[in-house]
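Data first, discussion second: the structure below is written as structure tokens.
The values are calculated or read from the model by the stated rules, or taken from the named source; none is laboratory data. Given the structure is predicted, the values throughout are model-derived calculations rather than measurements. No Cβ is skipped: glycine too gets one built from the backbone with ideal geometry, and neighbour counts run over all protein chains shown. For accessibility, only protein heavy atoms count, side chains too; no ligands or nucleic acids. Shrake-Rupley method; radii C 1.70, N 1.55, O 1.52, S 1.80 Å.
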Amino acid sequence: MLSAEGCRERRLRFWQELDPKPDSDHLRLADPIHLMYLANFHVDPFSLGAGFGGFLILRKDGHTTLIHDNRLPKSVEEAHVDERRVVNWYDGQAPAHGPRQLAALDRVNPGAGGLRFHDRVGDPYASFAINTLAVMRRRKYADELALLRRCMRATEAGHAWARANVKPGMKELDVYCGINSACIQAAGQAVVVYGDFAVSPGPERKGGPPTEHVIEPGEMLILDFSVVIAGYRSDFTNTLVVGKTPTADQQRLATLCKEAMAAGEKELRAAAPCLTVYQAVRDAFDKAGVAEHFPHHAGHGLGLTHPEAPFIVRHATESLLAGDVVTLEPGLYVPGVGGIRIENNYLITDAGYERLSNHVISLQ
């Protein structure tokens, strides 16, 4: 999880970066993304607390007060705060004290007057708070990278399971269950696994959630999924040709995607325009005469949300920063041949990049 030192450093930097400064000496924050980033406050999604959260009162000196109800899971005990106020909402002996969403509000707003959270859409200061944190979150700290690496290792286990076990006659749902189990075992805890687990016959289906579709020999199966641990997530992809030697056309698509990825990798470094990276990927396809079959972004940022800045797209306006974690994901979807997408995750450095994902990219 995130470190106490990292959380405190981010809190102090947050106040330094805010412009204009708030009209008080503290901020009230409620967005789960911000509470994780600034205090390591995370509600285990596999609990009765899922969907509920807490409030963080953050003073400009970095002091934090966390407020939440008494029925949240043990994961919240890992939060790095200076003070914690736990509200007795429900003890299992007497009826709960009103709707759970209101349980902790009286501790934040004892006067029952107009209540504001500075990072909630609609608050006059929300755009400043949210945008400041969004910019900060691009440059990953060491404790964030450690958590992202845990996500990567679990995702690699899911891809390894798929290469070893997927065969004709399985349903897409069977594949998802096997990958999900492999990721959980590798992570050593229950994790959220989501993404694309879909046979792609071409442009009509470029991904999607798993279905009852029974996989036929020779079909192209796109496996583009994320593992989420405490809100942080991976996102990388392989495509399999199931139970049959790939055709020459299928192999050509795979070769072209690998060449496009390599072209994009050559442009990955701090200060590189995202448009340059996108164009390198697209130019590789254009030279092969298949760019019309590449309809989506070439990559994006990754962290506590997915996708997030920077965006490696046709009309990109951003540049890469040292500390960005990004993806490259070239794909081609050709009628009569099938759809393929491959993807890696990278940490951007001043000199270039470090590849964070280490799964095998291969049709078989």
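Assorted remarks:
Residue-wise test of (1) in contact with a His (Cβ under 8 Å, 6 or more places away or on another chain); (2) of a type in the set (Gly, Ala, Ser).
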{"site": "Ser127", "(1), (2)": "no, yes"}
{"site": "Glu156", "(1), (2)": "yes, no"}
{"site": "Val166", "(1), (2)": "no, no"}
{"site": "Ile184", "(1), (2)": "no, no"}
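- Scan of the range 233-287 for residues that are out of contact with any strand residue (DSSP E or B) (no Cβ under 8 Å at 6 or more places or on another chain) and among the acidic types (Asp, Glu), ordered by number: Glu259, Glu267, Asp283, Asp286
- Number of the condition not met by Ser319 [criteria: (1) over 30 Å from Lys171 (Cβ atoms); (2) open to solvent by 60 Å² or more (accessible area, probe 1.4 Å); (3) touching a residue at least 12 places away in the same chain (Cβ under 8 Å); (4) among the polar types (S, T, N, Q)]: (2)
- Hey, Arg150 under 24 Å from Thr305 (Cα atoms) and either open to solvent by 20 Å² or more (accessible area, probe 1.4 Å) or in a helix (DSSP H, G or I) (or both) or not: yes
- Among residues of the range 155-180, those that are small (Gly, Ala, Ser) and in contact with a Gly (Cβ under 9 Å, 6 or more places away or on another chain), counted: 4
- Asp23 being among the acidic types (Asp, Glu), in a loop (DSSP other than H, G, I, E, B) and over 22 Å from the mean Cα position of the chain (by Cα): yes
- The single condition from (1) part of a loop (DSSP other than H, G, I, E, B); (2) crowded, with 24+ Cβ neighbours inside 10 Å that Gly336 fails is (2).
- Filtered by the rule that a residue be out of contact with any strand residue (DSSP E or B) (no Cβ under 7 Å at 6 or more places or on another chain), of a type in the set (Gly, Ala, Ser) and open to solvent by 20 Å² or more (accessible area, probe 1.4 Å), the range 166-181 gives a lone residue, Ser181.
- Positions within the range 14-51 being open to solvent by 70 Å² or more (accessible area, probe 1.4 Å) and either of a type in the set (Lys, Arg) or within 18 Å of Val86 (Cα to Cα) (or both), in sequence order: Lys21, Pro32, Leu48, Gly51
- Verdict on Pro246 being open to solvent by 10 Å² or more (accessible area, probe 1.4 Å), closer than 26 Å to Glu156 by Cβ and part of a loop (DSSP other than H, G, I, E, B): yes
- Hits in the range 284-306 (condition: open to solvent by 30 Å² or more (accessible area, probe 1.4 Å) and either among the acidic types (Asp, Glu) or not in a loop (DSSP other than H, G, I, E, B) (or both)): Asp286, Lys287, Glu292, His293
- Scan the range 37-67 for residues that are in contact with a Phe, Trp or Tyr (Cβ under 8 Å, 6 or more places away or on another chain) and of a type in the set (A, V, I, L, M) and the total you get is 6.
- Options Arg139, Arg163, Arg116: the member that is closer than 18 Å to Leu304 by Cβ and open to solvent by 60 Å² or more (accessible area, probe 1.4 Å): Arg139
- When Arg59, Arg11, Arg84 are checked against the criterion of being basic (Lys, Arg) and crowded, with 16+ Cβ neighbours inside 10 Å, a single residue qualifies: Arg11.
- Of all the listed residues (Gly6, Gly62), the sole one being touching a helix residue (DSSP H, G or I) at 6+ places or on another chain (Cβ under 9 Å) and either over 29 Å from Val191 (Cα atoms) or hydrophobic (A, V, I, L, M, F, W, C) (or both) is Gly62.
- Restricting the range 205-240 to residues that are acidic (Asp, Glu), in contact (Cβ under 8 Å) with a residue 60 or more places away in the chain and part of a loop (DSSP other than H, G, I, E, B), the residue that is most open to solvent (accessible area, probe 1.4 Å) is Glu219.
- Selection within the range 212-260 - over 30 Å from Ala187 (Cβ atoms), touching a helix residue (DSSP H, G or I) at 6+ places or on another chain (Cβ under 8 Å) and aliphatic (A, V, I, L, M): Leu256, Ala260
- Residue match in the range 95-109 (condition: β-branched (Val, Ile, Thr), surrounded by 12 or more Cβ atoms within 10 Å (Cβ to Cβ) and modelled with pLDDT of 95 or more): no
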